[in-house]
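Visitor: Starting off with a structure, shown below.
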Amino acid sequence: MIILSLKETRYLAFIFLSIMFLACSESTKPSFAFYHWKSKAAISDMELQALEQTQSNKLYLRYFDVDKVKESSKNDSGIYPISVLRTVSDEIKKFEIIPVIFIVNKVLKEHPDINQLSKQIGDLIEEMHLQHFNTKPREVQIDCDWTGSTKTSYFELLALLKKRFNLSVTIRLHQLKYQNKTGIPPVEKGVLMVYNVGDLDNFEQNSILESKIVSQYVNEQTNYPMQLDIALPLFSQMVLKNNDGELKLLTGTDRAILTENKTHFKQKSNNVFQVKKDTLYRGFYLYENFEIKLEEIKMEEVVKSYKIIKASRLDVKNVLFYHLDEKTLEQIDLNYLLEKL
């Protein structure tokens with residue numbers, strides 16, 4: 001029998017505790033996955049590198065949106081799938097695919113037959129998954145910004161789809177905070193959407209993400225009776241406001257173009273520009289006095305928002321990034337995110 005001295009015992013105990021601490025630290029790191037939100041599903045070399053860097057083996061693939069595209073008639077509700085996924089590359093097929101279906105909230109107000117809607121959605125999901133992947137999906141995610149007035153129809157739709165698929169749903173911050181009003185979806189798993197949290201029309205605010213806005217919805221006591229993943233933004237965008245106050249979104253940002261072209265653009269603040277002279281920009285005619293807001297995502301704000309949620313009582317598990325796109329990846333520091341999350 002080996003007898004250790006007190007000093008040796010303390011040293012071994014220190015080593016053991018250090019190993020345990022490191023193991024626990026590793027186990028608390030989330031796993032990562034990406035949304036893919038294009039009608040043609042393919043992966044560039046840079047996007048593949050991001051998947052490898054994050055050790056992602058899942059892709060949340062947008063299959064189609066459900067929207068009302070024309071006035072209803074006796075035999076036609078006017079509700080159809082739009083932005084349908086058309087092609088899938090072989091590289092995509094190497095990943096576990098979770099179909100994502102976005103349902104516009106007004107559909108739930110106007111569709112007369114939820115049973116029929118459920119069947120149409122479910123049939124199209126199965127048809128598309130069989131066509132692209134030659135199998136049935138293991139999980140389907142339903143994305144809908146439902147409200148208190150549509151929760152009955154929406155939850156009925158989810159209950160019907162749940163008979164055919166393992167379902168997860170998206171949860172907005174307002175649905176989290178006002179859960180007594182908006183209700184809890186009848187599923188076991190959700191994704192908390194931590195982007196598009198602000199007001200597009202507020203030109204002093206980044207509507208994509210500001211941690212101070214997140215803190216208005218989530219605090220240390222916040223709870224929700226469902227396991228949640230967290231969806232975090234990687235994208236930036238521009239908001240165009242015309243002289244009638246109408247808004248239009250453009251993906252990405254062109255700060256250099258706006259700051260250097262002083263003939264056509266005047267900088268009003270760090271992120272807001274005014275059109276000085278009529279011009280053609282990205283295929284759009286911009287007239288004098290139109291305004292442009294740059295909404296550039298900041299990695300520090302993403303991390304702060306994540307930590308606010310982790311400090312709550314929410315049962316949070318993994319991280320989903322929105323979304324997998326080469327131009328987006330060029331503008332962010334993915335290494336920083338992976339280190340800090």
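Visitor: Determine how large the accessible area of residue 226 is when every protein chain is in place; take a 1.4 Å probe and give Å² rounded to the nearest 10.
Guide: 10
Visitor: With springs only between Cα atoms under 10 Å apart, run a GNM on the chain and tell me which of 127, 71, 139 wobbles the most.
Guide: 71
Visitor: As a test of the definition: which semi-axes, in Å, follow for segment 106-238 when you take the square root of five times each eigenvalue of its alpha carbon gyration tensor? Largest first, please.
Guide: 28, 18, 16
Visitor: Express the accessible area of the chain per residue in Å², computed with a 1.4 Å probe while the remaining protein chains stay in the model.
Guide: In whole numbers, the chain has 54 Å² accessible per residue.
Visitor: Carbon-plus-sulfur fraction of the accessible area of segment 177-222, 1.4 Å probe, in percent?
Guide: The value for segment 177-222 is 41 percent carbon and sulfur by accessible area.
Visitor: Which of these, 323, 264, 129, has the largest mean-square fluctuation under a Gaussian network model of the chain (Cα springs below 10 Å)?
Guide: So, out of 323, 264, 129, the one fluctuating most is 264.
Visitor: Considering only DSSP beta bridges where both residues belong to the chain, give the percentage that are antiparallel (nearest 5).
Guide: 40
Visitor: Rounded, prolate or oblate: which one fits segment 42-133, using the alpha carbon gyration tensor with axes a ≥ b ≥ c (rounded when a/c is under 1.5, else prolate when a/b beats b/c, else oblate)?
Guide: Prolate.
Visitor: Given a 10 angstrom Cα cut-off, can you work out which residue in 218, 275, 194 is the most mobile in a GNM of the chain?
Guide: Fluctuation is largest for 275.
Visitor: Can I ask one more? Helices from the chain with mean Kyte-Doolittle at least -0.5 and a Cα length along the axis of 30 Å or more, per DSSP H: which?
Guide: Those that pass (Cα extent of 30 Å or more, hydropathy at least -0.5) are 6-28.
Visitor: Taking Cα atoms of the chain, Rg/Rh with Kirkwood Rh, to two decimals?
Guide: 1.04
Visitor: How many angstrom separate the Cα center of segment 233-255 from the Cα center of segment 297-341?
Guide: The distance from the Cα centre of segment 233-255 to that of segment 297-341 comes to 22 Å.
Visitor: Over the Cα atoms, compute the radius of gyration (one decimal) and Dmax (the largest Cα-Cα distance, rounded to a whole number) for segment 212-341, in Å.
Guide: In Å, with Rg to one decimal and Dmax whole: 18.2, 55.
The values are calculated or read from the model by the stated rules, or taken from the named source; none is laboratory data. Just so it is clear, the model here is predicted, and its values are computed rather than measured. Accessible surface areas use protein heavy atoms only, side chains included; no ligands, DNA or RNA. Shrake-Rupley method; radii C 1.70, N 1.55, O 1.52, S 1.80 Å.
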